[in-house]
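Notes for the one structure printed next.
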Amino acid sequence: MKIIPLIILISILIVVFIIYYKYFRRLRPKENGFEFVYVENNGTVRELKDEEIEYLKEEFHSNDGGRPYIKTSYKDLTPDGKISGFIYRIRVPKNITIEKEKANA
């Protein structure tokens, strides 16, 4: 009878590990810059413009339809099927170059 709680505990730990690995694991080394970047429709990733940084610094109510869409994974698509959107810098795969935004240069 003591094996069932152990199996349940191991199952919970496996689920927690999978969730962490999929959604919270760092994919890049620590870099300078704002914590978010932008994925364009063509899949390239760029630094944010000053207006976008200010927009992301605003506080939004969780039910506010005007709040920004933040991707959890580079390959995530928006509800309308596009790849574009804001994403945490650490969630961009390290083989993808983050281009400098010309407006901030």
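Where a number appears in this text, it was derived from the coordinates with a stated rule and is not lab data. What you see is a predicted model; the values in this text were computed from it and never measured. Note that each Cβ is placed from the backbone with ideal geometry, even for glycine, and that neighbours are counted across all protein chains shown.
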Ordered by residue, what ³J(HN,Hα) values in Hz, to whole numbers, does the stretch 32-46 give under the Karplus form 6.51 cos²θ - 1.76 cosθ + 1.60, where θ = phi - 60° and Gly and Pro are x?
-> 6, x, 5, 5, 10, 9, 10, 9, 7, 4, 8, x, 6, 10, 9
A chain fully extended from Thr44 to Tyr23 at 0.36 nm per residue, minus the present Cα-Cα distance, gains in nm 5.5 nm
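Counting pairs of alpha carbon atoms under 8 Å apart in space and at least six apart in sequence, what relative contact order in percent does the chain give?
On the way: 123 pairs, mean separation 36.8, N = 105.
Relative CO of the chain lands at 35 percent.
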³J(HN,Hα) computed for each position of the stretch 53-66 - Karplus, 6.51 cos²θ - 1.76 cosθ + 1.60, integer Hz, glycine/proline x = 4, 4, 4, 6, 7, 5, 8, 10, 6, 4, 9, 6, x, x
Nearest-ten-degree value, helix 3-23 long axis tilted from longest Cα axis of the chain | 10
Mind checking which of Ser11, Asn95, Phe24 is farthest towards the positive end of the chain's charge dipole, using Cβ charges of +1 (Lys, Arg) and -1 (Asp, Glu) about the Cα centre?
-> Ser11
Amide H within-cut-off set for Phe36, under 5 Å, with H built and near neighbours excluded | Arg89
Treating only Lys and Arg (+1) and Asp and Glu (-1) as charged, each at its beta carbon, one finds that the stretch 1-96 has a dipole about its Cα centre, in Debye to the nearest 20, of 780
Would you mind getting the Kirkwood hydrodynamic radius of the chain from its Cα pairs, rounded to one decimal in Å?
-> 15.9
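Tell me the mean residue ellipticity at 222 nm calculated for the chain from its helices only (DSSP H runs of n ≥ 4, each -39500 (n - 2.57), averaged over every residue, nearest 500). Let's see the in-between values first.
Numbers: 2 runs with 29 residues, N = 105.
Rounded to the nearest 500, the figure is -9000 deg cm²/dmol.
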Contour minus Cα-Cα distance for Ile98 and Lys30 (0.36 nm per residue) | 23.2 nm
